[in-house]
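Presented below is the structure to which this report refers.
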Amino acid sequence: MKTDPAQGAPRRPEPGQILSVCFEVPVIIATFAPMNRLRFLYIALALTLLSAAAATAASPEKEWPQTHFAWGADVSSTIDMTGQDMSTFNLSAALGYKNRAVQLAGVGAAMEIGVSNSARMFPVYAIVRTPFTTKPSRCFMEVKAGWSFNQMTDNASQSGLYGSAGIGINLAMGRNFRSHILMAYTYRQLTDGYKDMHAVTAGIGINF
C-alpha cells in the first residue's frame with residue numbers, strides 16, 4: 001500500500017485497483033469451473049461486481065455509527081472443486097453485534113440452490129467479520145462455522161458440518177452501511193456415498 005509522504009498515512013486503494021480485483025478474480029476462477037453454465041454464471045457475477053465497484057469505489061471512508069446492532073445480506077455463487085456437480089447459487093443473511101473492530105459477529109443462515117440439479121442446502125452458522133483494526137479498513141476477514149441441512153439430488157436428506165473462511169474488500173463505506181465483495185473457501189460435510197465438499201465461493205453483499 002502506498003504512503004502519503006505529507007501525512008505519513010496509508011492511502012486508500014485507487015478506484016482502478018478495486019475495479020481490477022472485482023473483475024479479474026471471479027473470471028480467473030470461472031476458467032476452472034467444470035461446466036459452461038457455471039462459467040457463464042461467474043462472468044455474469046464478475047460484471048455485477050464491476051458495476052457495483054464503479055458506483056462505490058470513490059465513496060469516502062466513514063466511521064460506523066454508535067449503534068451496535070448489525071445485519072446484512074449477500075448474493076454469491078459456489079463452485080464445487082470435488083467434481084460432484086454440487087455448485088450452487090446462494091442467498092444468505094446474518095445479524096448480530098458490531099463495533100469499530102468488528103463489522104459483524106453473530107448468526108446467519110443461507111439458501112443454496114444447485115446450479116445444474118435439484119440439490120438444496122440450508123446452512124446455519126455463527127459468523128465473524130473483522131478487519132483486525134479499529135480504523136476504517138478496506139479489507140476484512142470472514143469466518144463461518146455451523147451445520148448444513150442438505151436435500152440431495154436423489155431427494156435424500158442429510159446434514160453435516162459446514163465452514164467457510166475468506167477475505168473481503170469493502171466498497172462503499174458510509175455511516176449507515178457498508179457494501180463488499182468476498183472470496184472464500186467453503187467446506188461441507190457430506191455422507192451416504194458423497195465425498196466431503198471443498199469449494200470456492202465469491203459474492204457481493206451489504207451490511208447495516
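The values are calculated or read from the model by the stated rules, or taken from the named source; none is laboratory data. These numbers come from a predicted model, not from an experiment. Glycine also receives a Cβ, built like all others from the backbone with ideal geometry; neighbour counts cover every protein chain displayed. Heads up: the accessible areas ignore ligands, DNA and RNA and are worked out on the full protein's heavy atoms, side chains in. Shrake-Rupley method; radii C 1.70, N 1.55, O 1.52, S 1.80 Å.
Observations on the structure shown:
- Compactness relative to 2.2 N^0.38 Å, alpha carbon Rg of the range 72-134: 1.34
- Among 104-115, 192-203, the order from most to least packed when residues are scored by Cβ within 10 Å on average: 104-115, 192-203
- Förster radius 22 Å - calculated FRET efficiency between residue 113 and residue 145 (Cβ-Cβ, nearest 0.05): 0.50
- Solvent-accessible area per residue for the range 65-208 (1.4 angstrom probe, square angstrom): 43
- Taking the range 103-208 and dividing mean pair separation by its residue count, relative contact order in percent (alpha carbons under 8 Å, at least six apart): 18
- Scaling against 2.2 N^0.38 Å puts the C-alpha radius of gyration of the range 143-208 at 1.42.
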